[in-house]
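First comes the structure, then the notes that go with it.
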Amino acid sequence: MKLIFTHEHADFDAIASLAAAQLIYPDYIAARPIHVNRNVAVFLKEYRNEFPFQLIRQLPNEKAARILLVDTHRLFSQGFVGADTEISVVDHHLPGTSLSPDWDCRFEALGACTSILIRELRRREIKLRQEAANLLLLGIYEDTGNLTYGSTTVEDMRAATWLVEQGADLNVLQRYLRQPLTENQLVLADRCLASAETLRIAGEEIVLATADATDIHDEYSTVAHYLRDMMNPDAIFILLRTRVGLRMIGRATNDRINVGQVMKNFHGGGHARAAAGLIALDESETTDAKMAEVRERLVSILPAYVSPPLTVASIQSANPLTLQSGLTVQEASAIVQRYGYEGFPVVDQDGRLVGLLNRRQLDHARAFQLNKPISEIMDIGDYSVTADDMVETVREMMSLSGWGQIPVRDADGGKITGIVTRTDLIQALRGGLQCERRNYREKLAAALSPVARALIDAVSEIARQFRYPVYIVGGFVRDLLLGLPVKDFDIVIEGDAVAVARRLAGRYGGVIRSHPQFGTAKWEVGSLKPGAAPFSAGTNEGLPDSLDLISARTEFYDYPTALPTVERSSIKLDLHRRDFTINTLALRLDGEAFGDLLDFWGGMNDLTQRQIRTLHSLSFTDDPTRMIRAIRFEQRFAFTIEANTLERLRLSGSLLKQVSGQRIRHEFQLLFKESDPPACFARLEALGLLKNVHPDLHWTTQDTADYRRLVAFPFDSAWIEADAELPDFLASWGGLISWLGTERRTTIEALCDRFQFPARVAAAIRGLESLFSGFAAKLKSRRSEAVFFLEKVPFASLFCYDAMSDDAAIHAFLRDYLCGWRHRRPATDGAFLKKMGYPPGAWMREVLDRLRAARIDGEIERDEEEAALRMRLISELEREGALDRTERKGGTGERMVG
């Protein structure tokens with residue numbers, strides 16, 4: 001017997017998961033719990049003949065071979081479990097700590113468990129009847145609050161879309177998701193209202209209510225929904241005295257209060273916005289005393305589960321660009337075109353806010369060829385907020401003013417210090433921005449060597465004198481949070497990094513190399529002595545040669561594929577210029593904020609979801625090489641490219657044609673430094689990106705096999721003796737040489753022109769092509785011909801050819817060439833031939849080559865044999881007229897001292 005179970009007091013997601021699992025595994029029995037929510041009971045009564053559920057009490061009294069738990073990971077019916085019963089779990093709730101290690105568990109943080117199972121239904125191409133599609137859609141909609149809860153994912157939305165395609169009727173949802181209260185439930189609601197008390201915790205309104213429900217036989221969750229909708233608090237908890245113990249039900253209306261986490265303290269669980277728990281009573285405990293104890297404990301722990309409300313300071317962009325009210329439309333248009341923002345605060349000559357100018361107004365003015373002052377076309381007003389205001393205040397201000405951007409002024413109401421856009425607000429309200437403070441002080445400190453920490457502290461101390469925040473950003477933070485080894489790091493300063501660097505050098509020494517136009521400075525610290533400040537630990541172990549200090553900046557692209565123009569900016573905009581959200585994370589390094597995480601663009605969520613996502617739709621247009629980088633990160637971390645990003649990548653591939661060959665070449669070299677370069681290039685090939693770099697550029701399975709042979713081939717002493725620089729050279733270029741050297745000569749010439757390879761690299765690629773196209777034939781001719789052929793080819797080409805070949809004869813000959821044939825020379829040399837008295841000329845090379853060939857081919861062994869062959873060759877040249885005896889001057893005669 002094989003069974004499918006879910007939890008008691010089942011909601012639509014539980015019953016829908018039962019139905020979906022039974023469709024996937026038709027040989028299992030779907031066991032319906034005894035207690036289901038009232039709206040579920042109404043649905044099942046109406047469709048009782050449509051679903052093959054069996055009540056638990058109707059099951060055979062025997063042990064199950066297999067049990068599948070859906071929408072729960074707690075097994076309530078132990079009577080069906082035998083010693084050999086295999087138990088599996090499919091659930092979207094957070095796993096508990098008491099799970100058996102023998103269970104096969106699958107947890108996914110989706111809005112509804114039904115969504116997990118629908119993925120399998122789709123994979124198996126199982127068609128649904130309309131009734132089944134309706135039930136499964138009810139499961140998703142009820143658990144995701146009609147797809148509005150913060151826990152709702154794209155996967156839930158895809159599942160709902162598929163169900164509608166399968167015939168689900170949205171009109172059915174209205175009939176079952178909003179059931180009126182029964183008379184008993186109305187009585188219970190009144191009791192809760194009579195005892196309700198409102199607490200204010202960290203700016204949130206939380207309602208607590210207690211009631212006696214021992215005489216109420218209907219389910220209680222509908223009452224909690226009813227009270228939540230009626231009172232509209234940020235969260236509500238009702239504590240009920242029932243016949244089986246104390247039942248607590250929690251509901252939240254925003255993501256700042258996680259009632260699911262709260263309920264874990266009371267033997268319960270659930271979602272962030274809907275959860276429940278049951279507290280059993282000991283025989284020695286009185287109900288009233290226990291109720292008071294549980295309520296007191298709930299009040300005491302709530303502050304730990306309430307995130308502080310989001311303030312303007314956490315979502316604003318600092319130091320926004322403002323426009324002077326006297327600027328003309330034409331002058332303002334040039335600024336808007338450069339920076340690309342949608343709205344700009346407008347200030348008068350005294351710096352006071354007088355209005356807001358948006359792009360739409362400028363476009364309208366230009367369409368009518370108006371060039372009047374912007375003060376005549378802007379929205380007039382001085383709507384603003386302060387950094388300490390709640391985000392809700394921004395929403396109200398936007399609604400009141402109609403402005404899409406609200407300036408942020410200092411506490412005195414004068415200077416404009418920041419701006420909040422509609423996009424910032426939307427991301428904050430939907431949870432896209434960091435809503436709570438996350439600090440990684442200990443993790444960061446553990447990753448830094450004592451010397452690195454001393455450097456950072458020194459930078460932070462100097463930056464504090466300027467009142468500049470200091471951050472470590474990008475790949476270092478990403479890898480730290482992924483638990484990977486961290487390497488070099490750059491420091492971003494929200495201010496003048498060059499000024500900080502100069503003061504550092506003035507205090508501690510070292511050399512500063514700065515580029516003020518880019519706001520960057522390199523502090524060369526490798527020469528600082530151990531024990532000298534700031535290295536009080538007395539060691540410079542782990543000290544880098546230099547430390548890069550970078551001013552927070554923003555970038556502008558004058559045209560697609562252009563290199564960026566940079567300007568000083570805020571840390572938020574600095575992070576926005578980066579390629580992918582996972583690289584936009586920053587950790588604060590100064591003062592009490594050391595280790596605080598900045599996550600303006602959803603990078604932490606994408607790390608958790610293990611996906612690569614661009615920050616905006618024109619990211620690949622700004623820099624097409626980001627498409628290659630997306631593949632690099634996807635393969636390195638075993639992530640997936642987010643669906644919209646992947647679609648934009650496919651549509652933008654042709655932009656790679658416009659990128660310089662050197663930039664593409666650099667990205668390819670970085671791919672070859674990854675742990676599995678063939679996987680990267682195979683992915684580029686599958687996405688059609690390589691052909692956009694050059695029409696004849698492809699990656700095949702043979703290229704993969706060739707590369708794997710190359711990296712596995714050993715560098716022994718013969719190769720090192722031949723070229724001591726060969727290992728380093730091939731470490732940088734071997735992948736490209738082995739890949740492109742197998743192409744046709746015409747293709748190679750085009751690719752060398754496209755990529756602008758250094759001369760040595762281009763020669764190695766051409767050499768490898770000549771080996772593949774011509775050496776096999778030379779191997780069948782005289783040995784000397786093969787040797788002379790190889791001598792025209794760079795050692796890098798020979799190594800790649802040796803590694804990539806599977807011909808034993810080629811391996812043997814190359815080994816003999818390296819260790820012997822290339823060193824074999826005749827005793828005769830050019831100096832001797834000159835002493836023979838003939839005029840110098842091409843005949844000398846001809847004679848020397850012939851003598852060397854005879855030595856290599858074994859035609860001669862002794863010097864006497866060489867002398868005889870030499871004179872025979874001279875005589876032949878004289879007979880042919882290539883040498884003239886009459887031009888001979890003196891000479892050494894026939895004898896040569898060997």
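The values are calculated or read from the model by the stated rules, or taken from the named source; none is laboratory data. Because the structure is predicted, anything quoted here is derived from the model rather than measured. All Cβ positions, even for glycine, are placed from backbone atoms using ideal geometry, and neighbour counts span all protein chains on display. SASA here: full protein model, heavy atoms, side chains in, ligands and nucleic acids out. Shrake-Rupley method; radii C 1.70, N 1.55, O 1.52, S 1.80 Å.
Scanning the stretch 288-334 for residues that are under 30 Å from Glu494 (Cα atoms) and open to solvent by 70 Å² or more (accessible area, probe 1.4 Å) returns Pro308, Asn319, Gln324, Glu331. Within the stretch 70-88, the residues that satisfy the criterion of being out of contact with any His (no Cβ under 9 Å at 6 or more places or on another chain) and more than 17 Å from Thr114 (Cα to Cα) are Leu75, Ser77, Gln78, Gly79, Phe80, Val81, Gly82, Ala83, Asp84, Thr85, Glu86, Ile87.
Mind listing whichever residues of the stretch 1-31 are more than 23 Å from Ala224 (Cβ to Cβ) and either of a type in the set (Lys, Arg) or touching a Gly at 6+ places or on another chain (Cβ under 9 Å) (or both)? Residues satisfying the conditions are Lys2, Ala19, Ala20.
Between Val492, Val500, the distinction of being at pLDDT 90 or above, touching a helix residue (DSSP H, G or I) at 6+ places or on another chain (Cβ under 9 Å) and either part of a strand (DSSP E or B) or surrounded by fewer than 17 Cβ atoms within 10 Å (Cβ to Cβ) (or both) belongs to Val492 only. Total residues in the stretch 449-477 satisfying the condition of being basic (Lys, Arg) and either in contact (Cβ under 8 Å) with a residue 40 or more places away in the chain or not assigned by the TED database to the domain that holds Trp601 (or both): the figure is 1. Scanning the stretch 73-111 for residues that are of a type outside the set (A, V, I, L, M), in contact with a helix residue (DSSP H, G or I) (Cβ under 7 Å, 6 or more places away or on another chain) and under 21 Å from Glu142 (Cα atoms) yields Asp91, His92, Glu108, Gly111. Scanning the stretch 170-186 for residues that are aliphatic (A, V, I, L, M), more than 17 Å from Gly111 (Cα to Cα) and surrounded by fewer than 17 Cβ atoms within 10 Å (Cβ to Cβ), we see that the one that is nearest to the chain's Cα centre (by Cα) is Leu170. Taking the criterion of being open to solvent by 10 Å² or more (accessible area, probe 1.4 Å) and either within 21 Å of Ile419 (Cα to Cα) or not assigned by the TED database to the domain that holds Arg478 (or both), the residues of the stretch 572-591 that qualify are Leu573, His576, Arg577, Arg578.
Taking the stretch 659-690, which residues are of a type in the set (Lys, Arg) and within 22 Å of Ala750 (Cα to Cα)? Within the stretch 659-690, Arg663, Arg665 meet the criteria.
Residues are listed down the side, and each one gets a yes or a no for (1) closer than 18 Å to Trp403 by Cβ; (2) part of a loop (DSSP other than H, G, I, E, B); (3) open to solvent by less than 50 Å² (accessible area, probe 1.4 Å):
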{"residue": "Val336", "(1), (2), (3)": "yes, no, yes"}
{"residue": "Gln349", "(1), (2), (3)": "no, yes, no"}
{"residue": "Leu356", "(1), (2), (3)": "yes, no, yes"}
{"residue": "Gln361", "(1), (2), (3)": "yes, no, yes"}
{"residue": "Arg366", "(1), (2), (3)": "no, no, no"}
{"residue": "Ser375", "(1), (2), (3)": "yes, no, yes"}
{"residue": "Tyr383", "(1), (2), (3)": "yes, yes, no"}
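Checked against (1) open to solvent by less than 30 Å² (accessible area, probe 1.4 Å); (2) farther than 20 Å from Leu573 by Cα; (3) at pLDDT 95 or above, Phe594 meets all criteria but (3). Selection over the stretch 631-648 of residues that are in a loop (DSSP other than H, G, I, E, B) and on the phi < 0 side of the Ramachandran plot gives a count of 2. The lone criterion from (1) of a type in the set (Gly, Ala, Ser); (2) touching a residue at least 40 places away in the same chain (Cβ under 8 Å); (3) farther than 30 Å from Glu165 by Cβ; (4) part of a helix (DSSP H, G or I) left unmet by Ala65 is number (4).
Checked against (1) under 30 Å from Thr701 (Cα atoms); (2) out of contact with any Gly (no Cβ under 8 Å at 6 or more places or on another chain), Phe789 meets all criteria but (2).
Has the stretch 346-360 got any residue that is within 28 Å of His576 (Cα to Cα), in contact with a Ser or Thr (Cβ under 7 Å, 6 or more places away or on another chain) and in contact (Cβ under 8 Å) with a residue 60 or more places away in the chain? Taking every residue of the stretch 346-360 in turn, at least one turns out to be within 28 Å of His576 (Cα to Cα), in contact with a Ser or Thr (Cβ under 7 Å, 6 or more places away or on another chain) and in contact (Cβ under 8 Å) with a residue 60 or more places away in the chain. Scoring Lys834 on the criteria (1) under 27 Å from Asp723 (Cα atoms); (2) of a type in the set (Lys, Arg); (3) over 60 Å from the mean Cα position of the chain (by Cα) leaves a single failure, condition (1). Scanning the stretch 392-412 for residues being touching a Ser or Thr at 6+ places or on another chain (Cβ under 8 Å), in contact (Cβ under 8 Å) with a residue 60 or more places away in the chain and open to solvent by 40 Å² or more (accessible area, probe 1.4 Å) gives a total of 0.
The residues on offer are Ala763, Ala803, and the sole one that is surrounded by fewer than 20 Cβ atoms within 10 Å (Cβ to Cβ) and assigned by the TED database to the domain that holds Gly735 is Ala763. Which residues, taken from the stretch 730-750, are among the hydrophobic types (A, V, I, L, M, F, W, C), open to solvent by less than 20 Å² (accessible area, probe 1.4 Å) and either more than 31 Å from the chain's Cα centre (by Cα) or on the phi > 0 side of the Ramachandran plot (or both)? Ile748, the sole residue that qualifies. Total residues in the stretch 649-664 satisfying the condition of being open to solvent by 40 Å² or more (accessible area, probe 1.4 Å) and outside any loop (DSSP other than H, G, I, E, B): the figure is 7. For the residues Val89, Val42, Val81, the requirement of being in contact with a Cys (Cβ under 9 Å, 6 or more places away or on another chain) and either open to solvent by 40 Å² or more (accessible area, probe 1.4 Å) or in the same structural domain as Leu128 (by the TED database) (or both) singles out Val89. Tell me, yes or no, whether the stretch 12-20 has at least one residue that is open to solvent by 40 Å² or more (accessible area, probe 1.4 Å), touching a residue at least 40 places away in the same chain (Cβ under 8 Å) and not basic (Lys, Arg). The answer is no; no qualifying residue exists. Restricting the stretch 125-169 to residues that are without any contact (Cβ under 8 Å) to a residue 12 or more places away in the chain and assigned to a loop (DSSP other than H, G, I, E, B) leaves a set whose member that is least open to solvent (accessible area, probe 1.4 Å) is Thr148.
Residue-wise test of (1) open to solvent by 40 Å² or more (accessible area, probe 1.4 Å); (2) in a loop (DSSP other than H, G, I, E, B); (3) in contact with a Gly (Cβ under 6 Å, 6 or more places away or on another chain).
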{"position": "His225", "(1), (2), (3)": "yes, no, no"}
{"position": "Pro233", "(1), (2), (3)": "no, yes, no"}
{"position": "Arg241", "(1), (2), (3)": "yes, no, no"}
{"position": "Asn254", "(1), (2), (3)": "no, yes, no"}
{"position": "Gln261", "(1), (2), (3)": "yes, no, no"}
{"position": "Leu281", "(1), (2), (3)": "yes, yes, yes"}
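State whether the residues of the stretch 210-222 include one that is at positive phi, open to solvent by 10 Å² or more (accessible area, probe 1.4 Å) and among the small types (Gly, Ala, Ser). No, because not a single residue in the stretch 210-222 is at positive phi, open to solvent by 10 Å² or more (accessible area, probe 1.4 Å) and among the small types (Gly, Ala, Ser). Residues that are farther than 30 Å from Tyr707 by Cα number at least 3 in the following helices (runs of 4 or more DSSP H) confined to the stretch 802-863: 830-835, 842-857.
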